[in-house]
Amino acid sequence: MADNRVVEGRMVTPKKLAELVEGERVMDAEGIEDADHDCPECGGDVVSVGYMPSVTAFVTGYKCQECSWSERDD
Ligand SMILES: [Zn+2]
């Protein structure tokens, strides 16, 4: 899938990326996009992914492609 990206040296799907941000399994995830800011920890490229941690919630997760930094917006 073209949506897959390399994060921390591993190829991940949108759903796998969402699970890295959330720390557990998620219901569903949209495509991976480039975020418009750099990682505050290492200055690396940040990608974003919109996902549903449960049937009633939708959040946007951000993840550095180089290090373990991540963040989520409710
Ligand atoms: Zn980083």
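Structure notes:
- Restricted to strands (runs of 3 or more DSSP E) entirely inside the chain, those with at least 1 residues that are touching a Ser or Thr at 6+ places or on another chain (Cβ under 6 Å) and without any contact (Cβ under 8 Å) to a residue 60 or more places away in the chain are 28-38, 45-52, 59-64, 70-73.
- Total residues in the range 18-45, condition more than 14 Å from the ligand (Cβ to nearest atom), buried (at least 17 other Cβ atoms within 10 Å of the Cβ) and aliphatic (A, V, I, L, M): 4
- Taking the numbered list (1) under 17 Å from Val12 (Cβ atoms); (2) within 12 Å of the ligand (Cβ to nearest atom); (3) in contact with a Phe, Trp or Tyr (Cβ under 7 Å, 6 or more places away or on another chain) in turn, Tyr62 passes all entries but (3).
- Scanning the range 2-23 for residues that are at negative phi and out of contact with any Lys or Arg (no Cβ under 8 Å at 6 or more places or on another chain) returns Ala2, Asp3, Asn4, Arg5, Val6, Arg10, Thr13, Pro14, Lys15, Lys16, Ala18.
- Count of residues meeting criterion [small (Gly, Ala, Ser) and under 8 Å from the mean Cα position of the chain (by Cα)] in the range 51-74: 2
- Residues of the range 1-17 satisfying the condition of being β-branched (Val, Ile, Thr) and surrounded by 12 or more Cβ atoms within 10 Å (Cβ to Cβ): Val7, Val12, Thr13
- Test: residue in the range 46-58 that is of a type in the set (Val, Ile, Thr), surrounded by fewer than 16 Cβ atoms within 10 Å (Cβ to Cβ) and away from the ligand (no atom under 16 Å from the Cβ): yes
We did not get these values from a lab; they are worked out from the coordinates using the rules stated. Remember, predicted model here, so these are calculated numbers, not experimental data. Neighbour counts run over all protein chains shown; Cβ positions are idealised from the backbone, glycine included.
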